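Beneath this line is the structure, given in structure tokens, with notes to follow.
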Amino acid sequence: MSADNATPDIEAHVLRFDNIDQRESPYRPIDMLLERFERKRYAVLGRPAEQKGEPTPLDQVEAFNITYLKCEPGKGLATHGHSTPEAFIVMAGKWRITVGMNAEQETVLGPFDIISVPPNEMHGAEVIGDETGWMMTINAGHGGAKLFWPPDLVEELRATGADVSGVEIPGESLKR
């Protein structure tokens, strides 16, 4: 394909933020069972298994995937890890990013700040302040990586009656 051969329908490759609700993901990681981790997830690029309706060219990106997260103040993502690197880019609000099984390190990011989390590093995020937070997450690969969770979160979920039989804990199996 030469440089002057344009994609036949470029609009098929465009997602406008005004239409973001069309990309809201039905996938709910297990931490979202707890109120403090409620959020909206929008699978904007890649992640075809999370889409409703007909596939679009936005679903066919294979090298990486992008998800937007929308969280109210005081809510966020539980500490978790996965085998792929992940980048967080804050779009709105202030986010506390923690690293380590017990949040041994933290930093605060504002709009357009970015952090790159190495593979297998436990990490979490929370919106701080009064403004609704938006964050872009970028992961390697076409779909989401298998998540693993800290034992205390898994036990808290188990106490609520959640089925955690398929949940991974680093270095441990839940099949007891």
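The values are calculated or read from the model by the stated rules, or taken from the named source; none is laboratory data. Just so we're clear, the structure is a prediction, and the values are computed from it rather than from any experiment. Neighbour counts are summed over all protein chains in view; Cβ atoms, including those assigned to glycine, are modelled from backbone coordinates with ideal geometry.
Assuming M135 fulfils every condition listed in (1) more than 21 Å from K40 (Cβ to Cβ); (2) modelled with pLDDT of 90 or more; (3) in contact with a Leu (Cβ under 7 Å, 6 or more places away or on another chain) apart from one, which condition is it? It fails just one condition, (1). Step by step: first the residues of the stretch 113-131, then only those that are surrounded by 14 or more Cβ atoms within 10 Å (Cβ to Cβ) and β-branched (V, I, T), then the one that is farthest from the chain's Cα centre (by Cα). Which residue is that? Step by step, filter the stretch 113-131, then rank; the result is I128.
Just the residues that are among the charged types (D, E, K, R) and assigned to a loop (DSSP other than H, G, I, E, B), please, taken from the stretch 122-153.
First pass over the stretch 122-153, keeping only residues among the charged types (D, E, K, R): 126, 130-131, 146, 152.
Hits for the stretch 122-153 are D130, E131, K146.
Which of the residues belonging to the stretch 115-130 are among the small types (G, A, S) and touching a Pro at 6+ places or on another chain (Cβ under 7 Å)? Reasoning before the result, please.
Of the stretch 115-130, the ones among the small types (G, A, S) are 116, 124-125, 129.
Scanning the stretch 115-130 gives S116, G129.
Kindly evaluate K70 against the criterion of being in contact with an Asp or Glu (Cβ under 9 Å, 6 or more places away or on another chain), closer than 20 Å to R36 by Cβ and not β-branched (V, I, T). Considered against the rule, which asks whether it is in contact with an Asp or Glu (Cβ under 9 Å, 6 or more places away or on another chain), closer than 20 Å to R36 by Cβ and not β-branched (V, I, T), K70 comes out as no. Residue count for the stretch 22-66 under the criterion of being modelled with pLDDT of 90 or more, under 13 Å from the mean Cα position of the chain (by Cα) and basic (K, R): the result is 3. Of the strands (runs of 3 or more DSSP E) lying entirely inside the stretch 51-101, the ones with 2 or more residues being farther than 13 Å from G124 by Cα and in contact (Cβ under 8 Å) with a residue 24 or more places away in the chain are found at 64-71, 86-92.
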